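Right, one structure below, let's go through it.
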Amino acid sequence: MQFSTEALIVLAPLFAAAFAGLLQRYIGDKVAMGITTASVGLSLALSWPIFLSFIGGEGQERVIELFRFIDVAGFSSIWSVRIDALSAIMLVVVNTVSFLVHVYSIGYMSEDPHRARFFSYLSFFTFSMLALVTANDFLQLFFGWEGVGVASYLLIGFWYQKRSANDAAIKAFVVNRIGDFGFALGIMAAFFCYGSIQFDAVFEAAGADPDLMLGVGDVQFRAVEVIAFLLFIGAMGKSAQFFLHVWLPDAMEGPTPVSALIHAATMVTAGVFMVCRAGELYHLAPLASGFVTIVGATTALFAATIGLAQNDIKRVVAYSTCSQLGYMFFAAGVGAYNAAMFHLFTHAFFKALLFLGAGSVIHGLHHEQDMRHMGGVRKPMPITWALMVIGTLALMGFGIPGIGGFAGFYSKDAIIEAAYASHGIGAQFAFWCGVTAALLTSFYSWRLAFMTFEGRYRGNPDAHHHDAAHGHGHTQEGHEEAASPAAHTDDHHEAHAKPADGSAPAHESPWIMLAPLLVLAAGAIAAGVLFYPYFLGDGADAFWGDAIPLAHGEHHDFPTWVLWAPLIVGLIGFAFAAIFYLWKPGAAKAMAKGPVWAFLYNKWYFDEIYDFIFVKGARAVGDLFWKVGDRKIIDGLGPDGVAASSRFFSRGIRRVQTGFVYHYSFIMLIAAVAFGAYAIFSGIGVAP
């Protein structure tokens, strides 16, 4: 193995995860947390100089080969660390968010008895993501892809005593396997058509013969279209796109730091990274790119509608993630790979800020997650409130054209403008979905802010019953309380006693949790304006190099209404949220009783439909093959049938064996008469 700084970035979290996980009984929780956090901090410290070298135009694209992974009958894969602008972006995104989540978790998980295991899982997740984003071929990418899936299964189901957490972990794992099946087929098709799985070799071969056909018999398609389509099926599962999105909200069963790590900048963005990495293929596949555009646009709008009606604070942010991923995908679909990656970059800051801010609220409200039972949180938690407002402004993309704004303003507006200017399949559909989703995003984001922080504290009328049912041994999120029963009683009383001024009986989070939020808030404010010139502006060519295909067309002069549309719809969404949840809260309650709200609250009934078609359908098919095919037909005509026939004849013969001599004599007489009759009629013994 060739040791290098790049190799240390990838492998340090792996060694720390193994050390903390295998030796947790001997080293204790504090040492395990310290080692894993320090290892990710080391990777972070080594990643930023690489990224900044590309920002400064001095970055060198390179591949560091570590060891031979697989070499069988011409199928070869060398474990490598690929460094270019694309992987450099992902290195800083993954390591920055992961490090801040590690630090935040020290405070958030302070009462959990299994902290060492939790931090080991976090570091293993980080290693898998780093292996994925530094891959130089599809096999290593797939290895990291599956490693992230395993780690997410462990993290979502971390509180394994909860049935809902176990079900959510299994659901995420199974749904992702559906997408991964298509992803694996795409890799196989690439090797079959081009004889390699190494990125550059596949892209070069596809460009040299773009009309190569692939199919069965007379059914033939362009190979590059088939491969690009199959690869995107994998991205649909991993990035929770329409039809394969159902695992994402259930993943909120994991601890809040897990939600931030998975949904902010790591696992769910792996699909976006993969599509941009394979941009050379999608550039040659207009049909597959159009499919990416349509699915991404549909997801952006679909997830935003569901976010309107959710009451769990984490689920609102989760559907926001799903919607923002749709933006990234339709940007990649129209060929704006740099805009897609820029939104991935800025989204990491403000979405991690929102998730960890939601965790701060949950922590301050003693693990209450239902926004209907919040309100008045701004007074006792002013720092968390201010940081959440910053995240909300960045998410809605607040900014003034020609002047500037928060991070999301630069990246989301660039995506909407790219869709408007594109002539690709589904581009105009994506543009209008993007504008509409921006309106809905503003509404549900401010709905979250107003329901959580403004008004009077509403409280949970079933809180006492809930605590009694749980025996004071578990919080609402499911982990065990380390506090003594007396301390819990005091905490319980504090949690449900309403202050006279209407504010929530909450407390501000400790600084070990607030410090990461401050860093993320700085990114949510400044990441857009600082890095826009390199991702999308005049320095884009020097920054990106050959990492992704860049569109070099004439400069577009967009109509004024296109430039101002995101801001206008964002302000409209803010106004409606203020009307419904500040000035006329009764109107919101009345609206929540309607059928449209029920449809959105139940997530378009996708879970129920999938349960009926796939879960119950699979069970019915299984019962058919088991009870009818196997038991009645195969076993009935086979071993069970033979056994039944033998049993029937044996019972008949057994009746003959009575034990009485005269019965036997009578049978012998009948036999003698029958034999004599047969002899007479057949001529036996008669001489010729």
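The values are calculated or read from the model by the stated rules, or taken from the named source; none is laboratory data. What you see is a predicted model; the values in this text were computed from it and never measured. With ideal geometry, Cβ positions are generated from the backbone for all residues, glycine too; neighbour counts draw on all protein chains shown. Just the protein is used for accessible areas: all its heavy atoms, side chains included, with ligands, DNA and RNA removed. Shrake-Rupley method; radii C 1.70, N 1.55, O 1.52, S 1.80 Å.
Given the criteria within 18 Å of Ile178 (Cβ to Cβ) and touching a helix residue (DSSP H, G or I) at 6+ places or on another chain (Cβ under 7 Å), does Met213 qualify?
The answer is no for Met213.
Residues Gly357, Gly434: which one is more than 21 Å from Ala336 (Cα to Cα), crowded, with 22+ Cβ neighbours inside 10 Å and of a type in the set (Gly, Ala, Ser)?
Gly357 is the lone residue from the list that is more than 21 Å from Ala336 (Cα to Cα), crowded, with 22+ Cβ neighbours inside 10 Å and of a type in the set (Gly, Ala, Ser).
Considering each of Ala88, Ala116 in turn, give the residue that is in a helix (DSSP H, G or I) and either basic (Lys, Arg) or without any contact (Cβ under 8 Å) to a residue 60 or more places away in the chain (or both).
That would be Ala88, the only listed residue that is in a helix (DSSP H, G or I) and either basic (Lys, Arg) or without any contact (Cβ under 8 Å) to a residue 60 or more places away in the chain (or both).
List every residue pair whose Cβ atoms lie under 8 Å apart, where the two residues are 6 or more positions apart in sequence or sit on different chains, the first residue falls within the range 66-84 and is without any contact (Cβ under 8 Å) to a residue 40 or more places away in the chain and of a type in the set (Asp, Glu), and the second residue, located anywhere, is open to solvent by 50 Å² or more (accessible area, probe 1.4 Å) and assigned to a strand (DSSP E or B).
Qualifying pairs under 8 Å: none.
Given the options His367, His347, name the one that is at positive phi and open to solvent by less than 30 Å² (accessible area, probe 1.4 Å).
Result of the check over His367, His347: His367.
Out of Ala223, Ala201, report the one residue that is open to solvent by less than 40 Å² (accessible area, probe 1.4 Å) and touching a residue at least 12 places away in the same chain (Cβ under 8 Å).
Step by step, each of Ala223, Ala201 is checked, and only Ala223 is open to solvent by less than 40 Å² (accessible area, probe 1.4 Å) and touching a residue at least 12 places away in the same chain (Cβ under 8 Å).
Tally time: how many residues in the range 593-605 are outside any helix (DSSP H, G or I) and at positive phi?
The number of residues fulfilling the criteria is 0.
Take the range 170-211 and flag every residue that is of a type in the set (A, V, I, L, M) and farther than 29 Å from Phe243 by Cβ.
The answer is Ala201, Ala205, Ala208.
Can you tell me how many residues within the range 279-331 are closer than 17 Å to Asp250 by Cα, open to solvent by less than 10 Å² (accessible area, probe 1.4 Å) and in contact with a Pro (Cβ under 6 Å, 6 or more places away or on another chain)?
So the count comes out to 1.
Which of (1) surrounded by fewer than 20 Cβ atoms within 10 Å (Cβ to Cβ); (2) farther than 28 Å from Ala260 by Cα is the odd one out, the single condition Ala565 does not satisfy?
Failed condition: (1).
Kindly provide the set of residues from the range 635-669 that are charged (D, E, K, R), under 60 Å from the mean Cα position of the chain (by Cα) and either open to solvent by 100 Å² or more (accessible area, probe 1.4 Å) or over 30 Å from Phe625 (Cα atoms) (or both), ordered by number.
Residue satisfying the conditions is Arg647 alone.
Condition check ((1) touching a strand residue (DSSP E or B) at 6+ places or on another chain (Cβ under 9 Å); (2) open to solvent by 10 Å² or more (accessible area, probe 1.4 Å); (3) closer than 28 Å to Ala527 by Cα) across all residues:
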| position | (1), (2), (3) |
| --- | --- |
| Ser76 | yes, yes, no |
| Ile89 | no, no, yes |
| Val97 | no, no, yes |
| Ile106 | no, yes, yes |
| Ala131 | yes, no, yes |
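The rows are residues; the columns are (1) among the acidic types (Asp, Glu); (2) assigned to a helix (DSSP H, G or I).
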site	(1), (2)
Asp607	yes, yes
Ile613	no, yes
Val621	no, yes
Leu624	no, yes
Arg631	no, yes
Arg647	no, yes
Arg655	no, yes
Gly659	no, no
Ala677	no, yes
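Take Asp607 and decide whether it is touching a helix residue (DSSP H, G or I) at 6+ places or on another chain (Cβ under 9 Å), touching a residue at least 24 places away in the same chain (Cβ under 8 Å), of a type in the set (Asp, Glu) and over 30 Å from Arg456 (Cβ atoms).
Criteria met by Asp607.
Here are the criteria: (1) part of a helix (DSSP H, G or I); (2) over 21 Å from Met267 (Cα atoms); (3) of a type outside the set (Gly, Ala, Ser); (4) open to solvent by less than 60 Å² (accessible area, probe 1.4 Å). Tell me which single one Pro210 does not satisfy.
In the conditions (1) part of a helix (DSSP H, G or I); (2) over 21 Å from Met267 (Cα atoms); (3) of a type outside the set (Gly, Ala, Ser); (4) open to solvent by less than 60 Å² (accessible area, probe 1.4 Å), Pro210 misses (1) alone.
What number of residues within the range 509-548 satisfy the criterion of being part of a helix (DSSP H, G or I), open to solvent by 20 Å² or more (accessible area, probe 1.4 Å) and either acidic (Asp, Glu) or in contact with a His (Cβ under 8 Å, 6 or more places away or on another chain) (or both)?
Result for the range 509-548: 1.
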